[in-house]
1. So for the stretch 162-175 (the condition being modelled with pLDDT under 90 and hydrophobic (A, V, I, L, M, F, W, C)), does at least one residue qualify?
2. Residues that are modelled with pLDDT of 90 or more and surrounded by fewer than 17 Cβ atoms within 10 Å (Cβ to Cβ): find the strands (runs of 3 or more DSSP E) completely inside the stretch 1-91 holding 3 or more of those.
3. Restricting to the stretch 114-172, and then to whatever is among the acidic types (Asp, Glu) and part of a loop (DSSP other than H, G, I, E, B), can you tell me which residue is farthest from Leu47 (Cα to Cα)?
4. Residue check, Gly214 against (1) touching a Lys or Arg at 6+ places or on another chain (Cβ under 7 Å); (2) within 19 Å of Ile90 (Cα to Cα); (3) at pLDDT below 95; (4) among the small types (Gly, Ala, Ser), all met but one. Which one?
5. Does the stretch 63-70 include one or more residues that are more than 23 Å from Thr287 (Cα to Cα), touching a residue at least 12 places away in the same chain (Cβ under 8 Å), of a type in the set (A, V, I, L, M, F, W, C) and touching a strand residue (DSSP E or B) at 6+ places or on another chain (Cβ under 8 Å)?
6. Considering only residues that are under 22 Å from the mean Cα position of the chain (by Cα) and either farther than 14 Å from Arg93 by Cα or among the small types (Gly, Ala, Ser) (or both), which ones fall in the stretch 115-127?
7. Does the stretch 107-119 contain at least one residue that is buried (at least 17 other Cβ atoms within 10 Å of the Cβ), among the hydrophobic types (A, V, I, L, M, F, W, C) and at pLDDT below 95?
Amino acid sequence: MPFKLEIPIFTTDVEEDDVRSFEQMSFKELLKLCKNFNSAECRRIRLELNAVGSYGDGGLTPDIKDAIRFLTHLRKSEILAEDQQPAIRIMIRPRGAKNDDKSVSPMIEVQDFQYSEAELLAMCQSIEDFKTMGRDVLSPERGDGFVFGVQKRLDGPLNELMLHPKANKRLTFTAHPYPCYLHRAFDGVLATSQNYPGTKIPIGRLVEKMKGHGFKGVLTSGGWGNATNNLETLGELGRAALKEKEEDKFELIVGGGVRYGNVWDICYAMKELAQHRDFWLHSSCLTGEASPYTEAWTMLMRLNAAEEAAKNWTAASWAY
């Protein structure tokens, strides 16, 4: 199975040649990527849709009118055949992190995916709104779905993070029949469950908890920081999450500082998993070294090369 790439986008510009927000590629360039790398056999590109200008917050819920405009143009594009259409994952996140949480232990990095009842109601309403767009625009059969995650803190000296079962189940129930994916809210849960004395939870058990909350996959860097800092943990997570049986289908989406310069290191470190059908890489393709379109294309070309090198899996097989 070819290596696959998920690209988060933070704009809804649909003028074909306009440069998009945060210097992302133009709509025309985005369509060209999908045309060249998606097919009936394998869609190698999909998109995560976020609010305009929310890159600095790590992605927020897009405006419903903006999303309808963008997705309608995408689905009606004459450039893409039906089997070249990318799956769309819509971010459901009402706000970025609060920076004034004084109750958090200094041992724990603040990410803040804990929400009030009013915020949870807003998240449910956003999901309901997006579901009204119609299956010609948003289709669970194509793989379109939602991305979110809710944490809670345990009482105690470490204020450990855990997934919030009631809140997550409420959101996945609201989203049905669309699949739902846990985003990097999982990073803090994984980090605190693995790194602090007396809090360790087997990764296999964490995977079962995610499935029990209704999630069909997880986007994670494997803990605090970038994916390249957590390759051993990501490998363990992949072995627990990625199964061959259809009834066990669960995606592992590796994100967090993934760029074309380190994508080989990630694939090589996870070599026994990297060609699994449900293994994805997640990258905004923004490094400033080239245009986002060039960076995305280069990454996909390097993933092609890595796919060939995977037959032998030797570091010497890669040419930087």
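The values are calculated or read from the model by the stated rules, or taken from the named source; none is laboratory data. Since we're looking at a predicted model, the values are computed, not measured. Cβ atoms come from the backbone with ideal geometry, glycine included; neighbour counts cover every protein chain shown. Just the protein is used for accessible areas: all its heavy atoms, side chains included, with ligands, DNA and RNA removed. Shrake-Rupley method; radii C 1.70, N 1.55, O 1.52, S 1.80 Å.
1. From the stretch 162-175, those modelled with pLDDT under 90 are 162; that's our starting set.
Those still in the list that are hydrophobic (A, V, I, L, M, F, W, C) too: 162.
Looking for residues that are modelled with pLDDT under 90 and hydrophobic (A, V, I, L, M, F, W, C), one finds at least one in the stretch 162-175, hence yes.
2. Numbers: elements: 5-9, 45-49, 88-91.
Filter on the stretch 1-91 gives an empty set.
3. If we filter the stretch 114-172 for residues that are among the acidic types (Asp, Glu), which is where we start, we get 117, 119, 128-129, 136, 141, 144, 155, 160.
Then keep just the ones that are part of a loop (DSSP other than H, G, I, E, B); that gives 136, 141, 144, 155, 160.
On the way: Asp136: 17, Glu141: 16, Asp144: 9, Asp155: 37, Glu160: 32 Å.
Here the answer is Asp155.
4. (3)
5. Filtering the stretch 63-70 down to residues more than 23 Å from Thr287 (Cα to Cα) leaves 63-70.
Now restrict to residues that are touching a residue at least 12 places away in the same chain (Cβ under 8 Å): 63-64, 66-70.
From what is left, the residues that are of a type in the set (A, V, I, L, M, F, W, C) are 64, 67-68, 70.
Within this subset, residues satisfying the condition of being touching a strand residue (DSSP E or B) at 6+ places or on another chain (Cβ under 8 Å) are 67, 70.
Checked against the condition, which is being more than 23 Å from Thr287 (Cα to Cα), touching a residue at least 12 places away in the same chain (Cβ under 8 Å), of a type in the set (A, V, I, L, M, F, W, C) and touching a strand residue (DSSP E or B) at 6+ places or on another chain (Cβ under 8 Å), the stretch 63-70 yields at least one hit.
6. Step one: of the stretch 115-127, the residues under 22 Å from the mean Cα position of the chain (by Cα) are 115, 119-120, 122-127.
Listed by number, the residues that qualify are Ala122, Ser126.
7. For the stretch 107-119, residues buried (at least 17 other Cβ atoms within 10 Å of the Cβ), among the hydrophobic types (A, V, I, L, M, F, W, C) and at pLDDT below 95: present.
Residues checked against (1) part of a helix (DSSP H, G or I); (2) buried (at least 20 other Cβ atoms within 10 Å of the Cβ); (3) among the acidic types (Asp, Glu); (4) within 19 Å of the chain's Cα centre (by Cα):
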{"position": "Tyr260", "(1), (2), (3), (4)": "no, yes, no, yes"}
{"position": "Glu272", "(1), (2), (3), (4)": "no, no, yes, no"}
{"position": "Thr287", "(1), (2), (3), (4)": "no, no, no, yes"}
{"position": "Ala296", "(1), (2), (3), (4)": "yes, yes, no, yes"}
{"position": "Met301", "(1), (2), (3), (4)": "yes, no, no, no"}
{"position": "Glu308", "(1), (2), (3), (4)": "yes, no, yes, no"}
{"position": "Asn312", "(1), (2), (3), (4)": "no, no, no, no"}
